[in-house]
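All remarks here apply to the structure that follows.
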Amino acid sequence: MVGLWRGWAKSLAESEGGVPGEYYFAGGGVRIDFTPNTAGPGNVGLGDVQQGNFVNGEWVVARQIAGDDDAQGEILILRPYTILRVTLYRFP
C-alpha cells in the first residue's frame with residue numbers, strides 16, 4: 001500500500017517556529033503506525049490529532065480526531081483528501 005500513497009509528512013523545526021514532535025500529513029488512503037528510531041522509551045503514541053487546513057498560512061482546525069478514529073492513539077488513518085496535524089509522544 002505504501003507505493004499507492006500520494007501524500008507528504010513534514011516536521012517543522014523549532015527554528016522554523018514549529019513544535020518538536022508535531023507533524024503535518026496530507027493525502028489519503030493510508031494507515032500509519034510509528035516506531036521510534038532514536039534512544040528513549042520504546043513506544044510512540046498519538047497525542048493531539050486534528051483535521052484541518054491552512055488559511056492565509058495559519059492552521060485552522062475543522063475537526064478534532066478522538067480515540068475511536070485513531071485506534072486509541074496507536075494508528076494514524078489518513079482518509080482521502082485530508083490534512084492532519086499530529087503531535088507524537090514517547091512512552092515505555
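Which residues, taken from the range 55-92, are surrounded by fewer than 13 Cβ atoms within 10 Å (Cβ to Cβ), modelled with pLDDT of 85 or more and under 27 Å from residue 40 (Cα atoms)?
Scanning the range 55-92 gives 91, 92.
Which number in (1) surrounded by fewer than 16 Cβ atoms within 10 Å (Cβ to Cβ); (2) modelled with pLDDT of 85 or more marks the one condition that residue 13 misses?
(2)
Based on this model, can you work out whether residue 49 counts as crowded, with 17+ Cβ neighbours inside 10 Å and at pLDDT 90 or above? Please lay out each step first, then the result.
On the way: crowded, with 17+ Cβ neighbours inside 10 Å: yes; at pLDDT 90 or above: yes.
In short, yes.
Considering only residues that are polar (S, T, N, Q) and within 12 Å of the chain's Cα centre (by Cα), which ones fall in the range 65-92?
Answer for the range 65-92, where residues must be polar (S, T, N, Q) and within 12 Å of the chain's Cα centre (by Cα): 82, 87.
The values are calculated or read from the model by the stated rules, or taken from the named source; none is laboratory data. Everything quoted here is computed from the prediction, not taken from an experiment. Cβ sites come from the backbone with ideal geometry, for glycine too, and all protein chains shown count toward neighbours.
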